[in-house]
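Undergrad: Dumping the structure here so I can ask a few things about it.
No value in this document is a laboratory result; all are computed from the given coordinates. Keep in mind it's a predicted model, so treat the numbers as computed, not measured. In this analysis, Cβ positions are derived from the backbone assuming ideal geometry, glycine residues included, and neighbour counts consider all displayed protein chains.
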Amino acid sequence: GSMRKMLTIISGALRGAAARNGAQAVSEGTRVVVSSRTYADFTPQATFDIKKCDLHRLEEGPPQQALLTREEGLSYYRTMQTVRRMELKADQLYKQKIIRGFCHLGGTVREIMAELTGRRGGIAKGKGGSMHMYTKNFYGGNGIVGAQVPLGAGVALACKYQGRNELCVTLYGDGAANQGQIFETYNMAALWKLPCIFICENNKYGMGTSVERAAASTDYYKRGDFIPGIRVDGMDVLCVREATKFAAEHCRAGKGPILMELQTYRYHGHSMSDPGVSYRTREEIQEVRSKSDPISMLKERMLSTNMASVDELKEIDVEVRKEIEDAAQFATTDPEPPLEELCNHIFYNDPPIEVRGTNPWSKLKSVS
Ligand SMILES: Cc1ncc(C[n+]2csc(CCOP(=O)(O)OP(=O)(O)O)c2C)c(N)n1
């Protein structure tokens, strides 16, 4: 869903917030030739009004205005188009039976694609598949709906314990929000004041069940009860960025966990076996696409303020398409991992161990 698109931007916002408090200034005097125009022809930055967040147990929320520089805008645009293109490509490969499962987050396009197709160059060396992708500072998807939330609180505990002023962002869907373990996690995270941002991606449907049919309260930002919460327009990249900065500052100030509900929408079905139109109308989907698409919104903002030209954005689209095609090419031609490596990398940095196969007599070796 759109949360996947927002992930990269969130991590960018976190890095930015950590480095310096506020948006980056445009370096004056740099003249980069873009198409036939020069850099100086474009508006270097602009401020936009963004939707006010609903607050729970908070006196103040994120700002209602956001500064966007031309550089940031172009980079968000590229990221958002890349994620959308990648999802469409994965959809295509799944239909060709090259990808057999469907869930993907984090990493580079190439590594993710190759993991989805189970190849050696995949982010988990082709052995994790769609549900088990890990990389530095990224702790994966999870086959058990909601199970990543307690894991996230554990990571937040490690952040606090190591005292490096880091925090953990843990994401789950509106469907997952009804799982019992989420509430156990809220309790411990609040008690121990863990630096954890809980993000509920409310895309209105858990598989095929609408939120109203599944949740006694659809105010997901309030469901942490004693944990402060904000409800954010998840379709607006600037709103998400400002809210994420706000939440990160809350955690870094030692105030404990905070909950963010991102209101968004899922254009496609839950998975490849769900056509996505048996529990909602095509008109509903079309309405969101035409009125509040996150990429269109950013594009509109940049064009209306002369921060970018139509041609320039089209050029980015072409580059993105090419990157995705190259990644898909790699993911369908890279070899599968060799059988001898099947059991490797079970533990990190341990001497070789013996691993039991499908029966107690088949012994395999594991090297980390
Ligand atoms: C404990 C558990 N129950 C059920 C499932 C099957 N399942 C996979 S995804 C899903 C729906 C999750 O809904 P939501 O969190 O809203 O995510 P979205 O549909 O928006 O991707 C279900 C029921 C599962 N994987 N784990």
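Undergrad: Which net charge results for the neighbourhood of Glu287, defined as the other residues with beta-carbon distances under 13 angstrom from its beta-carbon, given Lys and Arg at +1 and Asp and Glu at -1?
TA: So the surrounding residues net to +2.
Undergrad: Please list, in order along the stretch 177-188, the HN-Hα scalar couplings obtained from phi with the Karplus expression 6.51 cos²θ - 1.76 cosθ + 1.60 (θ = phi - 60°), rounded to whole Hz, x for Gly and Pro.
TA: The phi angles translate into 4, 8, 6, x, 5, 5, 6, 4, 5, 3, 4, 5 Hz.
Undergrad: Then there is this: About its Cα centre, how strong a charge dipole does the stretch 74-206 have in debye, to the nearest 20, once Lys and Arg get +1 and Asp and Glu get -1 at the Cβ? Intermediate values should be presented prior to the final figure.
TA: Values: 17 positive and 8 negative charges, 131 e Å.
With only Lys, Arg, Asp and Glu charged at Cβ, the dipole is about 640 debye.
Undergrad: Just order 344-355, 242-253 by mean Cβ neighbour count inside 10 Å, highest at the front, would you?
TA: Numbers: 344-355: 10.9, 242-253: 21.3.
Answer by packing, highest mean first, reads 242-253, 344-355.
Undergrad: Sticking with this one: Could you sort the peptides 258-264, 180-186 by per-residue average Cβ neighbour count (10 Å cutoff), highest mean leading?
TA: Top to bottom by mean Cβ count within 10 Å: 258-264, 180-186.
Undergrad: Follow-up. If you take the beta carbon distance between Glu249 and Val288 as r and set R0 to 30 Å, what does 1/(1 + (r/R0)^6) give as a FRET efficiency, to the nearest 0.05?
TA: It comes to 0.45.
Undergrad: May I ask you to order 149-156, 217-224, 206-213 by the average number of other C-beta atoms within 10 Å around their residues, highest value first?
TA: 149-156, 217-224, 206-213
Undergrad: While we're on this one: Given only helices, namely DSSP H runs of n ≥ 4 each adding -39500 (n - 2.57), what is the per-residue ellipticity at 222 nm of the chain, to the nearest 500 deg cm²/dmol?
TA: Calculated at 222 nm, the ellipticity per residue is -13000 deg cm²/dmol.
Undergrad: Still on this structure: Looking only at Glu300, Glu312, Glu283, which one moves most when the chain is put into a Gaussian network model with springs between Cα atoms under 10 Å?
TA: Glu283
Undergrad: Dipole magnitude of the stretch 243-368 about its Cα centre, charges +1 at Lys/Arg Cβ and -1 at Asp/Glu Cβ only, in debye to the nearest 20? Could you put the intermediate results ahead of the total?
TA: Numbers: 16 positive and 22 negative charges, 129 e Å.
Its charge dipole is roughly 620 debye.
Undergrad: Here's another thing I want to ask about it. To the nearest 20 debye, what is the magnitude of the charge dipole of the stretch 2-337 about its Cα centre, counting +1 on the Cβ of each Lys and Arg and -1 on the Cβ of each Asp and Glu? The partial results should precede the final answer.
TA: Numbers: 45 positive and 40 negative charges, 138 e Å.
Here the size comes out at about 660 debye.
Undergrad: Something else: Could you tell me what a quarter of the Cα convex hull surface of the chain works out to, in nm² with one decimal place?
TA: 21.1
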